[in-house]
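Enquirer: Sharing a structure with you now.
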Amino acid sequence: MDEGFCRGAGRLMPPSNPQDPAAELPLGTTCLPQLLTGQAIGETASCSMCDSKLDLGDVVFAYACRRVNRSHWTVRRLYCWGCCPSRIESGTLSITEAIVSGRVGTRTDPTARETKLCLTELVVRDYSPPDHK
């Protein structure tokens, strides 16, 4: 993986407290796959293009994005093996975008007694920085 990409991929942030002026100070930086691993994708998942169901262990591709000056990445779309775009066609100004591939896994919240599908074993397929034109 590209060293420059890894350094600027994302910031680890403390829990948000609007009363605390230090709430938006980063705790460190990490690689995008590490930030998105474990990201919940819901109780069920399906491809955004063909609507085929994505089950536990299936190969999955995800489009994720983050606005400039925000710490949170959002998974906007999921794709199956046959529908995934090969790259980000045109970047969006002020938004960092990425396509990652991996598998559908599960994560459990013991307090809420919930199990949700999540992203695991991630690799970056394409990346578009916020200043891409």
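Just so it is clear, none of the values below were taken in a lab; they were calculated from the coordinates. This structure is a prediction, so every number in the text was calculated from the model and none was measured. We place every Cβ from the backbone using ideal geometry, glycine too, and count neighbours over all the protein chains shown.
Enquirer: If you take the beta carbon distance between VAL59 and GLN34 as r and set R0 to 25 Å, what does 1/(1 + (r/R0)^6) give as a FRET efficiency, to the nearest 0.05?
Expert: 0.80
Enquirer: Return ASP58, ASP131 ranked ascending by Cβ neighbour count within 10 Å, so the fewest neighbours appear first.
Expert: ASP131, ASP58
Enquirer: In the calculated pair distance distribution of the range 36-128, what percentage of Cα-Cα distances lie above 19 Å?
Expert: Considering the range 36-128, 39 percent of its Cα-Cα pairs are separated by more than 19 Å.
Enquirer: Based on the mean of other beta carbon atoms within 10 Å per residue, what is the order of 118-126, 103-111, most packed first?
Expert: For the peptides 118-126, 103-111, the packing ranking is 118-126, 103-111.
Enquirer: Using amide H atoms built in the peptide plane, which far-off residues or other-chain residues are under 5 Å from THR37 H to H?
Expert: none
Enquirer: Dipole magnitude of the range 36-128 about its Cα centre, charges +1 at Lys/Arg Cβ and -1 at Asp/Glu Cβ only, in debye to the nearest 20?
Expert: 260
Enquirer: Sticking with this structure for a sec: How do SER94, SER128, SER52 line up, fewest other C-beta atoms within 10 Å first?
Expert: On the way: SER94 10, SER128 18, SER52 14.
Arranged by neighbour count, lowest to highest, SER94, SER128, SER52 become SER94, SER52, SER128.
Enquirer: THR108 to THR44: extension gain in nm, 0.36 nm per residue of separation minus the Cα-Cα distance?
Expert: That works out to 21.6 nm of additional length.
Enquirer: Ranking request for peptides 36-42, 85-91: highest mean number of other beta-carbon atoms within 10 Å first, then the rest in descending order.
Expert: Ranking the peptides 36-42, 85-91 by packing returns 36-42, 85-91.
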